[in-house]
Amino acid sequence: MRLTEQQVRSLYGQDVQDRSGAKIGTVAQVWADPAGDATWVSVKTGVMGHHESMAPLAGAGMAEGRLRVPYDKATVRSAPAVESGTEAPLGADQLAQLYRHYQLQQQQEQPQRRPGAPELTRSEERLRVGTQSEPAGKARLSKHVVTEDVHTTVPVEHDEVRVVREPITAANRGDVRPDIRDEQREMELRAERPVVSKDQVPVERVRLNKDEIVEDEPIDAQVRRERVDADVPEPARRRR
């Protein structure tokens with residue numbers, strides 16, 4: 001497959017399809033022979049980590065901006081790989097493995113990696129906000145004995161003496177015998193007095209319950225991001 005310089009430049013980042021049209025990955029790097037013709041590409045498949053599978057351009061074709069190789073997906077993904085971003089040429093051992101893997105007749109030239117289109121990776125900071133649980137104090141229940149004055153009343157009884165004089169008349173004089181002498185009679189008197197005693201009576205249960213309250217708390221932070229500026233001479237600037 002002989003490609004023009006513009007086609008080679010357009011290979012970078014293009015989808016790579018197998019012979020059935022299934023996507024294998026994307027073109028990461030391009031290798032060319034000493035004459036400058038592109039002969040191999042590395043395919044970033046997404047399953048090799050920092051490695052890229054090699055695929056030959058012999059028998060490949062371009063269609064609608066996609067590169068289609070005459071192999072199935074499994075063959076390309078299992079091919080010998082190179083490290084992402086490598087600038088080293090393919091070694092003799094690597095080439096021998098590649099030709100054996102794809103069952104191709106080995107060529108003598110040693111392909112060199114073509115420099116890709118200049119590019120920069122722009123990065124930026126993203127704010128990641130979460131929550132962290134931490135102690136916020138302790139709630140305690142404490143019981144103390146306090147003394148307070150209580151004022152109340154209680155009814156009390158007592159005996160009071162009242163002197164009753166009852167005259168003796170002719171009608172009842174016969175029932176009483178006169179007896180002049182000193183004499184004394186007693187009556188027992190009673191009186192109640194307040195008596196205070198104390199009973200310990202449970203009157204209330206007190207406990208602590210915890211409720212989780214969710215509320216929005218404003219976060220103010222600064223993040224950095226990169227800006228890429230292109231300095232292109234005016235004659236080379238593309239007009240639209």
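The values are calculated or read from the model by the stated rules, or taken from the named source; none is laboratory data. Predicted model only: the values in this text are computed from it and were never measured. Backbone-built Cβ (ideal geometry, glycine too); neighbour counts: all protein chains shown. What goes into the accessible areas is simple: the full protein's heavy atoms, side chains included, and nothing from ligands, DNA or RNA. Shrake-Rupley method; radii C 1.70, N 1.55, O 1.52, S 1.80 Å.
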Per-region count, region 120-167, residues open to solvent by 100 Å² or more (accessible area, probe 1.4 Å) and within 30 Å of Q222 (Cα to Cα): 12
Please list, ordered by first then second residue, the pairs with beta carbon atoms under 6 Å, 6 or more apart or interchain, first in region 88-114 and more than 19 Å from H51 (Cα to Cα) and open to solvent by 70 Å² or more (accessible area, probe 1.4 Å), second modelled with pLDDT of 80 or more and in a helix (DSSP H, G or I). Q106/Y99
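Any idea which residue in region 19-29 is farthest from the chain's Cα centre (by Cα), counting only those that are open to solvent by less than 30 Å² (accessible area, probe 1.4 Å) and within 16 Å of R68 (Cβ to Cβ)? Even if it seems obvious, please write down each step before you answer.
Step one: filter region 19-29 for residues open to solvent by less than 30 Å² (accessible area, probe 1.4 Å), giving 21, 24-25, 27-29.
Cutting the leftovers down to within 16 Å of R68 (Cβ to Cβ) gives us 21, 24-25, 27.
Details: G21: 41, I24: 35, G25: 33, V27: 36 Å.
Once the filter is applied, the top-ranked residue is G21.
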Has region 182-199 got any residue that is of a type in the set (V, I, T) and more than 30 Å from R122 (Cα to Cα)? yes
It is to be established whether one or more residues within region 191-209 are at pLDDT 90 or above, surrounded by 10 or more Cβ atoms within 10 Å (Cβ to Cβ) and not polar (S, T, N, Q). yes
For region 59-78, name all the residues that are assigned to a loop (DSSP other than H, G, I, E, B), surrounded by 18 or more Cβ atoms within 10 Å (Cβ to Cβ) and not hydroxyl-bearing (S, T, Y). A60, V69
